[in-house]
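The values are calculated or read from the model by the stated rules, or taken from the named source; none is laboratory data. If you're wondering where the values come from, they're calculated on a predicted model, not measured in any experiment. So basically every Cβ, Gly included, is an ideal-geometry build from the backbone, and we count neighbours across all protein chains shown. Please note that ligands, DNA and RNA were not included when accessible areas were found on the heavy atoms of the full protein model with its side chains. Shrake-Rupley method; radii C 1.70, N 1.55, O 1.52, S 1.80 Å.
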Amino acid sequence: MLLRFALATLLVALTAAPVSAQDYAEVKAKATSAFQAGNFDEAAVLFQEAFEIEPRGNLLYNIGLCYDKAGKTAEAVSFYQRYIEAVPNASRRPAVVRQIAKLKELLAGRYEQVSVTSSPPGAIIFVDDKSKGAMGAAPVEFKLLPGSYTIIAELDGHETAKRTIQLREGSAAQVNVRLIPSGQVGSVLVIVSEKGASVAVDGRTVGRAPLPKALRLPAGPHEITVSKPGFVDQTRQIEVAAGKEQRISVSLDGESGGGDIGGGGGGGGGLSLGGGGGIWPWVTMGVGVAAIGGGVFAGLSAQDLHDQLSEKQKLYDEDPTQPTIAQEDIDQGNTLTLMSNVLYGVGVAAIAGGVAWWLLGDSAPGVSGELRTSVQVDDNGAFIGVQGGF
């Protein structure tokens, strides 16, 4: 059981690497096909998925155009506006600005009142995206078109709070956002064996695996539930300590078998270690998992930097007066990529050595041997070497 769990944890760490360019190309191709077939709603959703993989400004225009073609005027205005804000020097900007004005005329009289208060008062309020600018300090009132929105509240010394609202035509909305002092919150990193599994906290879905960062939860008891079609749901009761961080690892099994959840404090009974070598093989595998976790973090940082530089390069291509990419940014990206490769190599080597140690440590009386793992680094990344004898 523990061996299976260790291997599942390794699989999670490896699948948590940044999404490949191939995934982006596949989703964008599906979106383009849906648009050409006249399935504009479907195309809009697919273009948004592509934007989540690689946030390119031109995709915002594609999404707005899809909603425009589908007759969803409010959504079209929202994404057109985001496009001209994200790519201010785009050649099609004048045409998009004219289209926004035309669509807003159609929406005249449909705006509804939204009143937002915060506890404690004084929080700065944003709608959907902080890059659009603040609406003001709570209590604050403003008008929005009917639709779904995320109200974001920020206050010094408190955790950022979000509330999703559904603004209906002919009905004003009153929203109170409660903020929790940062000193009353702990961090929970949830690692799941199956990519795409839904993660819920206290019955509310917070995202899909792999989660991009640790969850910030109020101190006290919480229930973590992980589910995916075709697998047995897993539920774990945890106690979050203020100012502390804990790790929860979840291994999902198919419908025909059971599953196990480990980590995060507290131990289950009835588990048999088996194998040889005592506790040290598990320590070795634990070090390997930690190294892979570091590799995941470095890889995500490299991907984030790549996205920023790609957007900067696109702006420069459209307007040569914009700043170009600095050499130190390129060097930083190369360093993060190399660090990610090295940590992945060290982690995989440690886990492979720990598994072999556990399986072969006490395999037969009078049989002895050793297994050595090494990591070598060159310009192409990290390579793992395993050798030994018995």
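Some notes on this structure:
- Here the range 86-193 carries DSSP beta bridges of which approximately 75% are antiparallel, counting only pairs with both residues inside.
- Estimated at 0.36 nm per residue, the fully extended path between A242 and A172 surpasses their Cα-Cα distance by 21.5 nm.
- Of all lysines in the structure, the ones whose alpha carbon falls short of 23 Å from that of K132, not counting any fewer than 8 places away in one chain, are K72, K102, K104, K143, K162, K312, K314.
- Largest to smallest accessible area among K30, K195, K228 [probe 1.4 Å]: K30, K195, K228
- Taking amide H positions as modeled 1.01 Å from N, with prolines and chain starts lacking one, the residues under 5 Å from G186 and 5 or more places away or on another chain are L217, A219, G243.
- Rounded accessible area of S182 (nearest 10 Å², 1.4 Å probe): 40
- Residue-normalised accessible area of the range 151-263, expressed per residue, 1.4 Å probe, Å²: 53
- Net length gained if the chain between L107 and E49 were fully extended (0.36 nm per residue, minus Cα distance): 18.2 nm
- Neighbours of E112, meaning other residues whose beta-carbon lies under 13 angstrom from its beta-carbon, give a summed charge of +1 when Lys and Arg score +1 and Asp and Glu score -1.
- Neighbours of A137, meaning other residues whose beta-carbon lies under 15 angstrom from its beta-carbon, give a summed charge of -2 when Lys and Arg score +1 and Asp and Glu score -1.
- Close amide-amide hydrogen proximity is noted between G136 and I125, each under 5 Å apart and 5 or more residues distant or on a separate chain (H modeled in the peptide plane; Pro and chain starts excluded).
- Here the range 29-111 is treated with +1 on each Lys and Arg Cβ and -1 on each Asp and Glu Cβ, and its dipole about the Cα centre works out to around 380 debye.
- Spin-label model distance (nm) - N334 vs T160, 7 Å beyond Cα toward Cβ: 3.3
- Calculated FRET value between R204 and E85, using beta carbons and R₀ = 25 Å, to 0.05: 0.25
- For the set R236, R110, the ranking by accessible area, highest first and with no ligand, DNA or RNA atoms included, is R110, R236 under a 1.4 Å probe.
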